[in-house]
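The values are calculated or read from the model by the stated rules, or taken from the named source; none is laboratory data. Note that the structure is a prediction, hence the values are computed from the model and not measured. Quick reminder, even Gly has a Cβ in these numbers, built from the backbone with ideal geometry, and neighbours come from all protein chains shown.
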């Protein structure tokens, strides 16, 4: 028996209805913020992703040659495709561009709870500007999306990549050696970071300060305490925090240890997490960056983020949130073969009026047909019998209470308004 | 500059809004018919598609080995994945199962008008039953979907694979040689079909009859004229036509030449076409089939179809249908730097109330900010100035007429109800 490939999933009707419901909430929230949806292909030239993330990405993506011997890869993320699209076809549009996307991404990694080889990301990119209002707009959207789904327990941690970069530069780490150290600091692997810093000539005071900064977390009072951080980043974060307060964005704290893995971030970086998820608790990540110049465009400042859709749904489950599907309004049951044509007319009449209606097509006996009506969560069964039809009527059964009454065909559609 | 791969597309905001609009109409229509959405992975084991379509499919699909040396392929269609999913996880569900899907499919072929390497299909499968009501339900849904999009000029052609199979058997063509002949007849390549039929020993009367049947098109009166076709298929099509009439399905004609390419069809087959598209006019195809036993399940009769979403949108364009995007309700413009925080409060207040609202984050001068408000199709500009704020008010500019008036902050949100 052929199964779906390892790390991928089939979505059955109940789960799919739930996913579309929450997907549409996210889409509506993005629209309310003035972001507009775009879409890019499922695969891209492999070079696009190695340009963004370095050659190591090849170890964890689905890359292959097509029949024309081109190197292509299933997209592992959507920031690079969106920036490619921007460079190709949107660079002359009025700025800022406020774009969002929703779709599958692919990584070849070991499947585990909340981690799949085919996973779904919802993300936004605000292209063409770099200031605190821009970053606030992105964080406010991320926060509003998470909140709109109804997730209760989450936290947004916001930092500034300039803080650690400044301290690393002062400690003598060259620009092209920073990424490696930052990755260790991101994971709080101090024992591995220390020898790197020492090798670059950093003294133990500088190292202690760097480690202290990565553990600095709190409200904006954190910035007052710290005259240790470069002035510019501190005042930037202060300004950003004030705008977020004005925008009534909750659950945000400053965490100077937020680093993000990638070299192209230019300033503010942020992550959101849902503690209910345990070790794999990150549900969102982003920051301000500059990437378009790598793809042949002019240098353009942007801010963006991506939400892990699968993981945030899992967090909602862990919080005990349930979702009720809608079922159909009506299930039409012809009592005998000689009324099948009339039953077909009735179901079509209901559907034309926008009523969701199903019909028995298996020529079942009444009891079995009503059982099927239950299994498709029908609110009402419309029982079509010869005697009732002679008086232009049908029997309507409330599937919750079991009550039955006679309804004239002319009044049937209006029952569902 | 990296481009999107040949035969794939980026969808910009206006086009994407249009696509989502029509996608949702199709989704709603399927829901009204009691069909429920499912989703399967973008790629599958390659064997799934060769099992359904034969090894030749390998010439036109994206197939490759993953890092675990598995043969996988980007899905070229969705009937096989849905039936795999049915066998894996839904075979114990109450029947009939009424499922629909929407998603990307992939074929490595020469791109041309309405044909892409990444294309979108909307389809439905009705699993677990074989009778005229089942087929009527599928055709009625396809017709209702096409109609719900607003396409004006289209035609549904419906036939029965049993008619030609019966005549071919009578003419002496063995069962396993039929597919090849049927493919020629599907394309009306009579000159190529004739030697095949002659080689199998068919006489010229039998051959003439077969060719005549493939050209037989019309209303149900066609079936009366034809006592040439096997009784069973003719009476089946008559019954089906009567149900479709009761369901008020228009634009359907009988075309005994509809063959479809594949071996697994068992009875009714149908296609829909939009003449405005010229040579590539087919927008929908389907029929009744049996496929699950090939994937290790029990034999189950089903009826399904797929609509070419890209092509039907193209047909609507050719008919001159236009789509207007919605734009945002409000665009908030802070007049000076000292009201930026207040402007942030105002835009957040509007958004909390469900009003789609954008805000100037580029610190533009008034004239330029209003120009941007136009470019994002804002209905109103909300101009936030210090003097007005002192009286808890803002200036609201109607972006269509240019009229301006003062509105109190407390009344602002209700403007948009």
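Looking at this structure, is residue A:158 within 14 Å of residue A:307 (Cα to Cα), more than 7 Å from every other protein chain (Cβ to nearest Cβ), modelled with pLDDT of 95 or more and crowded, with 22+ Cβ neighbours inside 10 Å? Judged against the criteria, residue A:158 is not a match. Can you say whether residue A:352 is surrounded by 21 or more Cβ atoms within 10 Å (Cβ to Cβ), at the interface with chain B (Cβ under 8 Å from one of its Cβ atoms) and out of contact with any strand residue (DSSP E or B) (no Cβ under 7 Å at 6 or more places or on another chain), as far as the supplied structure shows? Answer is no for this residue.
Would you confirm, using the coordinates I've provided, whether residue A:302 is within 14 Å of chain B (Cβ to nearest Cβ), buried (at least 20 other Cβ atoms within 10 Å of the Cβ) and at pLDDT below 95? Walk me through it before giving the result.
Details: within 14 Å of chain B (Cβ to nearest Cβ): yes; buried (at least 20 other Cβ atoms within 10 Å of the Cβ): yes; at pLDDT below 95: no.
Here the answer is no, as residue A:302 does not meet what is asked.
Taking helices (runs of 4 or more DSSP H) as the structural unit, those lying wholly within segment A:170-243 and holding at least 2 residues that are within 21 Å of residue A:267 (Cβ to Cβ) correspond to A:178-186, A:204-214, A:221-225. Which one is surrounded by the fewest Cβ atoms within 10 Å (Cβ to Cβ), of the residues in segment A:73-97 that are facing chain B (nearest Cβ under 7 Å) and under 21 Å from the mean Cα position of the chain (by Cα)? Across segment A:73-97, the extreme among qualifying residues is A:85.
Can you name every residue in segment A:318-338 that is away from chain B (no Cβ under 11 Å) and part of a helix (DSSP H, G or I)? Spell out how you get there, then give the answer.
Going through segment A:318-338, the residues away from chain B (no Cβ under 11 Å) turn out to be A:318-324, A:333, A:335-336, A:338.
Within segment A:318-338, A:318, A:338 qualify.
Take the conditions within 21 Å of residue B:249 (Cα to Cα), touching a residue at least 24 places away in the same chain (Cβ under 8 Å) and in contact with a strand residue (DSSP E or B) (Cβ under 6 Å, 6 or more places away or on another chain) and apply them to residue A:383. Does it pass? No. Residue B:289 meets each of the listed conditions (1) away from chain A (no Cβ under 14 Å); (2) part of a helix (DSSP H, G or I); (3) closer than 23 Å to residue B:101 by Cα apart from (2). Looking only at segment A:32-68, which residues are at the interface with another protein chain (Cβ under 8 Å from one of its Cβ atoms), modelled with pLDDT of 95 or more, touching a helix residue (DSSP H, G or I) at 6+ places or on another chain (Cβ under 8 Å) and under 17 Å from residue A:81 (Cβ atoms)? The answer is A:36, A:37, A:38, A:39, A:40, A:41, A:44, A:48. Restricting attention to segment A:247-265 and to residues that are within 14 Å of chain B (Cβ to nearest Cβ) and surrounded by fewer than 19 Cβ atoms within 10 Å (Cβ to Cβ), the residue that is nearest to residue A:158 (Cα to Cα) turns out to be A:250.
Please find, among B:210, B:254, B:243, the residue that is closer than 16 Å to residue B:165 by Cβ and at pLDDT 85 or above.
B:210
Would it be correct to say that residue A:119 is in contact with a strand residue (DSSP E or B) (Cβ under 9 Å, 6 or more places away or on another chain) and either assigned to a strand (DSSP E or B) or not assigned by TED's automatic domain parsing to the domain that holds residue A:32 (or both)? Taking the combined requirement at face value, the residue satisfies it.
Could you list, in sequence order, all residues of segment A:104-116 that are in a strand (DSSP E or B) and in contact with a strand residue (DSSP E or B) (Cβ under 7 Å, 6 or more places away or on another chain)? Spell out how you get there, then give the answer.
Within segment A:104-116, the subset in a strand (DSSP E or B) is A:104-106, A:112, A:115.
Across segment A:104-116, the qualifying residues are A:104, A:105, A:106.
Of all residues in segment A:134-148, those satisfying the criterion of being farther than 26 Å from residue B:362 by Cβ and either surrounded by fewer than 22 Cβ atoms within 10 Å (Cβ to Cβ) or within 14 Å of another protein chain (Cβ to nearest Cβ) (or both) are A:147, A:148.
Going through (1) within 30 Å of residue A:350 (Cα to Cα); (2) in contact with a strand residue (DSSP E or B) (Cβ under 8 Å, 6 or more places away or on another chain); (3) at pLDDT 90 or above one by one, residue B:238 falls short only on (2). Of the residues making up segment B:292-328, just one is in contact with a strand residue (DSSP E or B) (Cβ under 6 Å, 6 or more places away or on another chain) and under 23 Å from residue A:98 (Cα atoms), namely B:328.
Being touching a residue at least 40 places away in the same chain (Cβ under 8 Å) and closer than 30 Å to residue B:152 by Cβ, is that true of even one residue in segment B:341-359? The answer is no, given that none of the residues of segment B:341-359 is touching a residue at least 40 places away in the same chain (Cβ under 8 Å) and closer than 30 Å to residue B:152 by Cβ.
The residues of segment B:130-154 that are touching a strand residue (DSSP E or B) at 6+ places or on another chain (Cβ under 6 Å) and more than 18 Å from residue B:251 (Cα to Cα), listed by number, are B:130, B:134.
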